[in-house]
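Novice: Handing you this structure, nothing more for now.
The values are calculated or read from the model by the stated rules, or taken from the named source; none is laboratory data. This is a predicted model, so every value here is computed, not measured. So basically every Cβ, Gly included, is an ideal-geometry build from the backbone, and we count neighbours across all protein chains shown.
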Amino acid sequence: MRPGTKLAVVAVAALVVVGARTTGPLGALALVPGGVVLLAALAGHTRVGTPAAVMAGMLRRLALPLLVLAAYQTLSRGPVQGLEVLLDLSGLVLLAGLVTVTTPMDRMLDTMAAAVTPLRRVPGLRAHLHPDRVALTFALALRSVDVLWDVALQARDAARARGRGRDVRALVTPTVIRAVAHARATGDALAARGLVD
Amino acid sequence: MALVGANGSGKSTLLRCLNALAAPTSGRVLLDLPGGDGRLDPARSPSRARSLVGFVFTDPDAQVVMPTPAEDVALSLRRLRLPRAERDARVHTALAHVGLAERADVPVHDLSSGQRQLLAIAAVLATGPGLLVLDEPTTLLDRRNTRLVRATVEQVQVPVVLATHDLDLAASCERVLVVDHGRVVADGLPEPTLATYRDLMDAP
């Protein structure tokens, strides 16, 4: 399957699961699309041989915001809505992960650049829109999830070593600082490679 | 050529002037490299300078941005708009040069620090720069990985300028500059120049 087709499938799946709300006329039946997407993603990963640890890693990195959102929905709207959030987001995360594990990054960059290129016909955008840089931004965004996770783990270990493992500020502040430093260093490296100005 | 000096002496700033990552506050930097069009001022032509000067930073994790070694080297070649077959061939050649051909498709996470630094070097060399600049390339590496990187750099066929605290690495270069408080205070053959550096560092 071509990368563009895979991305289109993910986009359509996202529209369907977001559009089907349990608070709407479908009620609890609106859980079905999210469940289908989740099962399809799991089946796809199984078919291509994605290790269970890798799939778990995809969800683990987003576990905290996922659980916070689900808890909020459960408390404010009820358990069905909380379950809906869990199913929808877990399924979409795994489906997007399936695309990344089955698509070489350079093919993904080619697809993203091609998808953005028609926008250069929009008046005023031609001089400012660089398709290759948009595609590179996408690739960096994917990589940044792992980078931020590693930075946060190191900040947590450092906080624990100082006996401040429960101090949110001791965790968040160095994470933010190191993330910004990493972003600046990455920008310098990309500029040195001639990929950005 | 090696640049040695204390932390904050200006080594990295001097190197960054070579590919317009930094601009000199006074004076000019001029590059006269094979493949260039005569003398080039990086501050006036940063894109051209960056196409001629390959730059390797201290931390490989900030330089390696793609999931696998092959994809990261291929990223460097995208701006050259090469046919896919030629691009793949150059990727393989670059990785083979640094001993990573067998690991072209493994996740970058599975590489050691030294291998990631070698990958950063490969990604830079793949574009055929006229000058290779390395900013403390072995500072974060253990002795074994330092030897790997050093052996790779010694085989490079283009001029090399590197900043380093590794005096053995500096001694293997043809010329050494000592940088102190933003100025070059010694310039010459490794042995006498490094002696000057040691005296500078040992001074009270």
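Novice: Of the conditions (1) touching a strand residue (DSSP E or B) at 6+ places or on another chain (Cβ under 8 Å); (2) surrounded by fewer than 23 Cβ atoms within 10 Å (Cβ to Cβ); (3) farther than 18 Å from residue B:149 by Cβ; (4) at pLDDT 90 or above, residue B:48 satisfies every one except a single condition; which number is it?
Specialist: (4)
Novice: Output the qualifying pairs, or none if there are none: Cβ atoms under 6 angstrom, residues six or more apart or on different chains, first residue in the range A:13-39 and under 14 Å from residue A:92 (Cα atoms), second residue of a type in the set (Asp, Glu).
Specialist: A:17/A:88; A:31/A:84; A:34/A:88
Novice: Provide a single number: the residues in the range A:145-165 that are within 11 Å of chain B (Cβ to nearest Cβ) and either touching a Pro at 6+ places or on another chain (Cβ under 6 Å) or free of Cβ contacts under 8 Å to residues at least 12 places away in the same chain (or both).
Specialist: Number satisfying all stated conditions: 1.
Novice: If we scan the range B:11-31, do we find a residue that is among the β-branched types (Val, Ile, Thr) and more than 13 Å from every other protein chain (Cβ to nearest Cβ)?
Specialist: So the first thing to find is which residues in the range B:11-31 are among the β-branched types (Val, Ile, Thr), and the list is B:13, B:25, B:29.
Next, only the ones that are more than 13 Å from every other protein chain (Cβ to nearest Cβ) stay: B:25, B:29.
Yes: one or more hits.
Novice: I'm trying to understand the selection: among the residues of the range B:59-93, which are of a type in the set (Val, Ile, Thr) and facing another protein chain (nearest Cβ under 9 Å)?
Specialist: B:64, B:65, B:68 - these are the residues of the range B:59-93 that are of a type in the set (Val, Ile, Thr) and facing another protein chain (nearest Cβ under 9 Å).
Novice: Return yes when residue B:99 is over 29 Å from residue B:31 (Cβ atoms), part of a loop (DSSP other than H, G, I, E, B) and within 18 Å of the chain's Cα centre (by Cα) and no when it is not.
Specialist: Here the answer is yes, as residue B:99 does meet what is asked.
Novice: Tell me which of these residue A:165 doesn't satisfy, since it passes every other one: (1) surrounded by 15 or more Cβ atoms within 10 Å (Cβ to Cβ); (2) farther than 30 Å from residue A:42 by Cα.
Specialist: With (1) surrounded by 15 or more Cβ atoms within 10 Å (Cβ to Cβ); (2) farther than 30 Å from residue A:42 by Cα applied to residue A:165, the lone miss is (1).
Novice: Could you run through the range A:67-85 and say how many residues are without any contact (Cβ under 8 Å) to a residue 40 or more places away in the chain and buried (at least 18 other Cβ atoms within 10 Å of the Cβ)? Show your work before the answer.
Specialist: Residues of the range A:67-85 that are without any contact (Cβ under 8 Å) to a residue 40 or more places away in the chain, as a first pass: A:67-76, A:78-79, A:82, A:85.
Filter once more, keeping what is buried (at least 18 other Cβ atoms within 10 Å of the Cβ): A:70, A:73, A:82, A:85.
So the answer is 4.
Novice: Another question, then. Do the conditions hold for residue B:16, that is, is it out of contact with any strand residue (DSSP E or B) (no Cβ under 7 Å at 6 or more places or on another chain), among the basic types (Lys, Arg) and more than 30 Å from residue B:171 (Cβ to Cβ)?
Specialist: no
Novice: For the range B:113-204, which helices (runs of 4 or more DSSP H) that fit wholly inside it have 1 or more residues that are closer than 22 Å to residue B:95 by Cα and either in contact with a Lys or Arg (Cβ under 7 Å, 6 or more places away or on another chain) or touching a residue at least 24 places away in the same chain (Cβ under 8 Å) (or both)?
Specialist: It comes to B:113-125, B:143-154.
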